[in-house]
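Visitor: This structure is in structure tokens; I'll ask about it shortly.
Rule-based calculations on the coordinates, nothing more; no lab input. Note that the structure is predicted; figures quoted are calculated from it, not measured. Cβ: placed from backbone, ideal geometry, glycine included. Neighbour counts: every protein chain shown.
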Amino acid sequence: MPKDATAPTRRPMRADARRNYDRVVAAAETVIAEHGAEASLEEIARHAGVGSATLHRHFPTRQDLLEAVFKSRVEALCAKAHDLLSDPDPGTALVTWLRAVGAHAVANRGLGASLMRGARHGSPILGNTCHTMIVSAGDELLARARQADAVRPEAAIGQLLKLVSAIALATEDEPDGPTQADQLLDLTLDGVRLHRTSRPHT
């Protein structure tokens, strides 16, 4: 018997179910950005224009919903990175994407910590999968910027993502968190850019 002969086949969602699923995820992103990862599921359902039963049918637990939100954001960042690969200015493309990563991280409002607390009951591979996706997407942009001499050659995507993450973590609870994060990111990226100085004539 083939290995997967007894494996259940996941039926594709009907169009109306898919719309409800997408509306709940989009609403959750907005509400979490405003109120944090512990936001009321009832408020998310209201924001999505669906009933609580519909929300729980798609997402039986809070962990399921948080994972879907996190994955949706990561997929959006990867799509943005892909689009920026055609930007004629590789340095600007990298900076634009890192700003988007920073905005994503600031908007998490405790999402990462909540996912970690519920990790035993959620997807065991989500974190690693999303991390790999982000690193791969950013590495392509960084490679182009490096080839264009727009960034310091020793800069690594892992280092840049850690800097962005640290800035987001330091500012996510501030009233003007996004603004502070943007300013700190400006200072950080100024040190990453390759500044050419003319050598003195001898």
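Visitor: What does the C-alpha gyration tensor say about the overall shape of region 18-116? Classify as rounded when a/c is under 1.5, otherwise prolate if a/b is larger than b/c, or oblate.
Guide: Numbers: a/c = 2.79, a/b = 2.04, b/c = 1.37.
Taking the square roots of the gyration eigenvalues as a ≥ b ≥ c, region 18-116 is prolate.
Visitor: Taking 0.36 nm per intervening residue step and subtracting the Cα-Cα distance, what contour gain separates Thr92 from Ala17 on full extension?
Guide: 23.1 nm
Visitor: Now for a separate question. Quickly work out the Gln183-to-His56 label distance, labels modelled 7 Å from Cα along the C-beta direction, and quote it in nm with one decimal.
Guide: Roughly 4.5 nm, to one decimal.
Visitor: Any chance you could check the Cα centroid distance between region 124-156 and region 13-56 for me, in angstrom?
Guide: So the two Cα centres are separated by 31 Å.
Visitor: Per 0.36 nm of contour for each residue apart, how much would the distance between Asp190 and Ala79 grow if the chain were fully extended, relative to their Cα-Cα spacing? Can you show the working numbers first?
Guide: Details: separation 111, 0.36 × 111 = 39.96 nm, distance 2.53 nm.
Gain on extension, Asp190 to Ala79, equals 37.4 nm.
Visitor: Once you have the Cα-Cα distance between Glu38 and Lys71, take 0.36 nm times their residue separation minus that, and quote the gain in nm to one decimal.
Guide: So the chain would gain 10.1 nm between Glu38 and Lys71.
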